[in-house]
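Novice: Attaching a single structure in structure tokens format; questions to follow.
The values are calculated or read from the model by the stated rules, or taken from the named source; none is laboratory data. All figures in this text were calculated on a predicted structure; none of them were measured in a lab. A quick note on method: Cβ atoms are made from the backbone with ideal geometry, for glycine too, and the neighbour counts reach across all protein chains shown. With ligands, DNA and RNA removed, areas are computed over all heavy atoms of the protein, side chains included. Shrake-Rupley method; radii C 1.70, N 1.55, O 1.52, S 1.80 Å.
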Amino acid sequence: MENLFRLADQDQGFFQRKWTLVNGPVIVGAGPSGLATAACLREQGVPFVVLERAECIASLWQKRTYDRLKLHLPKQYCQLPKMPFPEDFPEYPTKRQFIEYLESYAKHFDINPKFNECVQSARYDETSGFWRVKTVVMSGSNRTEFEYICRWLVVATGENAERVVPDIEGLAEFGGEIIHACDYKSGEKFQGKKVLVIGCGNSGMEVSLDLCNHNASPSMVVRSSVHVLPREIFGKSTYELAFFMLKWLPIWLVDKLMLILTWLVLGNVEKYGLKRPSIGPLELKNTQGKTPVLDIGALEKIKSGDINVVPGIKRFSRGEVELLDGKKLDIDSVILATGYRSNVPSWLQEGEFFSKNGFPKAPFPNGWKGNGGLYAVGFTRRGLSGASSDAISIAKDIGMVWKQETKQHKKRTIACHRRCISQF
């Protein structure tokens, strides 16, 4: 506590700002990663504060996903620590079911985030040994600034905090509707329209499929190579099958076997404009973080011609796009399925643990702990299972220190009490 007063003395404006000393860690982000960490800390008996810039938990799922979305992996690989999905949920829960699960999870572990608090900056004060987390709360036209002082800081803002919007020549001159996939809900309003989907990842594929199902005419831009795998192989989850084989075989061999099985199920996809990378799907995921596409029906639409696969874009002009192969397409709307990025560098004032791209420098499984009480959860590029693994490790690490210090504090209190008694 002496260090805390020293921290206050060196900053003349310190008490002009509303501030709180947090008796435990501050968790930035109330998505699945932040909730998982909070639940594990609750089990360890460690108090915490969760800060969330939106007005709800899991804002990415609630506000920036399309209506038809389902979990791509079986539910047992997507559940958070300490609480499985309800037994009556299907193997691949819907978006709505997953949100219900997260809301039940937060209620079960008594997790009550401070909503509408946007973190502006966080830095470690070496003199005091505390983190200083500054936030802004907007309520109508009122702006209130807060500062949280804590020993531990858990970064749980995730890999997908901000949308990526590419700079494409002439896009501003296009004239038609342009939206990012995070603002896409349904293909209903695109019925009868020619839509250009830029991006061929899981979002690009599913948006294109949804547009087809709503009688739109999508063209999907495939700028680079992509691994397309079936969601299931002979009735077994592709992920589950790969996970099982990795227990016994090296990753390069599992990749070869998965591609052989994929060819048996899907056939040769390269003749439809979907060129495979030279690196296997699992190795590519591990080394570069690129997730393979798990097909749920888009490939059949590509084979039938309902989804038109086109090469990269050269430039846009009024109502049309010119492709790298020289062809021009008349289009009504553009959907940018161009992904997301981490926003950590915009607010965390630290350069040792996180790299400039907003991910921990240390690869999995060592990217969850930094120096000075700094932690990261949900940056493993291994989905919800990776986030759960990080959350468990973080809670155990903080919990061990917390219990030791609590035990020592009790001993000092008892000793002081005994000395007081002996004076009478």
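Novice: Could you order peptides 72-80, 59-67, 160-168 by the average number of other Cβ atoms within 10 Å of their residues, highest first?
Specialist: Taking the mean over residues of other Cβ atoms within 10 Å, the ranking is 72-80, 59-67, 160-168.
Novice: Right, another one. ³J(HN,Hα) across region 312-320 via Karplus (A = 6.51, B = -1.76, C = 1.60, θ = phi - 60°), whole Hz, x for Gly/Pro?
Specialist: Working through the residues one at a time gives x, 9, 8, 6, 9, 9, 4, x, 8 Hz.
Novice: Further question: Which percent of the accessible area of the chain is formed by carbon and sulfur heavy atoms (probe 1.4 angstrom)?
Specialist: The computed percentage sits at 50.
Novice: With only alpha-carbon atoms counted, please give the Rg and Dmax of the chain, in Å.
Specialist: 24.9, 96
Novice: Right, next: With n ≥ 4 as the cut-off for DSSP H runs, can you work out [θ] at 222 nm for the chain, using -39500 (n - 2.57) per run divided by the number of residues, rounded to the nearest 500?
Specialist: Estimated from H runs of four or more residues: -10000 deg cm²/dmol.
Novice: My understanding is that a pair violates if its Cα-Cα distance is over 18 Å; which of Lys82/Lys107; Lys194/Lys327; Lys75/Lys107 do that in this structure? Working shown, then result.
Specialist: On the way: Lys82/Lys107 13 Å; Lys194/Lys327 16 Å; Lys75/Lys107 20 Å.
The pairs that break the limit, which is 18 Å between Cα atoms, are Lys75/Lys107.
Novice: Within 14 Å, Cβ to Cβ, of Asp255, how many net charges do the neighbouring residues add up to if Lys/Arg are +1 and Asp/Glu are -1?
Specialist: Combined, the nearby Lys, Arg, Asp and Glu give +3.
Novice: May I ask you to derive the relative contact order of region 113-270, considering only C-alpha pairs under 8 Å and at least 6 residues apart, and to give it as an integer percent?
Specialist: 11 percent
Novice: On a 32 Å Cα-Cα criterion, which of the cross-link pairs Lys236/Lys403; Lys114/Lys193; Lys247/Lys356; Lys95/Lys290; Lys271/Lys314 come out too long? The partial results should precede the final answer.
Specialist: On the way: Lys236/Lys403 44 Å; Lys114/Lys193 42 Å; Lys247/Lys356 34 Å; Lys95/Lys290 22 Å; Lys271/Lys314 22 Å.
Table pairs above 32 Å Cα-Cα are Lys236/Lys403; Lys114/Lys193; Lys247/Lys356.
Novice: Express the accessible area of region 59-206 per residue in Å², computed with a 1.4 Å probe while the remaining protein chains stay in the model.
Specialist: 47 Å²
Novice: Separate question: What do you get for chymotrypsin sites (Phe, Trp or Tyr not before Pro) in region 102-187 restricted to DSSP loop and a cutoff of at most 16 other Cβ within 10 Å of the site's Cβ?
Specialist: Loop-located and lightly packed - Phe115.
Novice: Right, here's the next one. If one puts a single equal scatterer on every Cα of region 144-266 and applies the Debye formula without solvent, what log₁₀ I(q)/I(0) results at q = 0.17, 0.21 Å⁻¹?
Specialist: -1.02, -1.21
Novice: Can you check what the net charge comes to around Asn343, using other residues whose Cβ is under 13 Å from the Cβ of Asn343 (Lys, Arg +1; Asp, Glu -1)? Let's see the in-between values first.
Specialist: Values: positive: Arg53, Arg163, Arg341, Lys356; negative: Glu159, Glu162.
Result for the local shell: +2.
Novice: Can I ask one more? Which chymotrypsin sites (Phe, Trp or Tyr not before Pro) in region 328-408 pass both tests, a DSSP loop state and at most 12 other beta-carbon atoms within 10 Å? Walk me through the intermediate numbers first.
Specialist: Values: sites: Tyr340, Trp347, Phe353, Phe354, Trp368, Tyr375, Phe379, Trp402; in loops: Trp347, Phe353, Trp368, Phe379.
When the chymotrypsin sites (Phe, Trp or Tyr not before Pro) of region 328-408 are filtered for loop state and at most 12 Cβ neighbours within 10 Å, nothing remains.
Novice: I've got another one for you. Quick one: if you take sqrt(5λ) for each eigenvalue of the C-alpha gyration tensor of region 44-170, what semi-axes come out, biggest first, whole angstrom?
Specialist: Equivalent ellipsoid of region 44-170: 30, 22, 15 Å, largest first.
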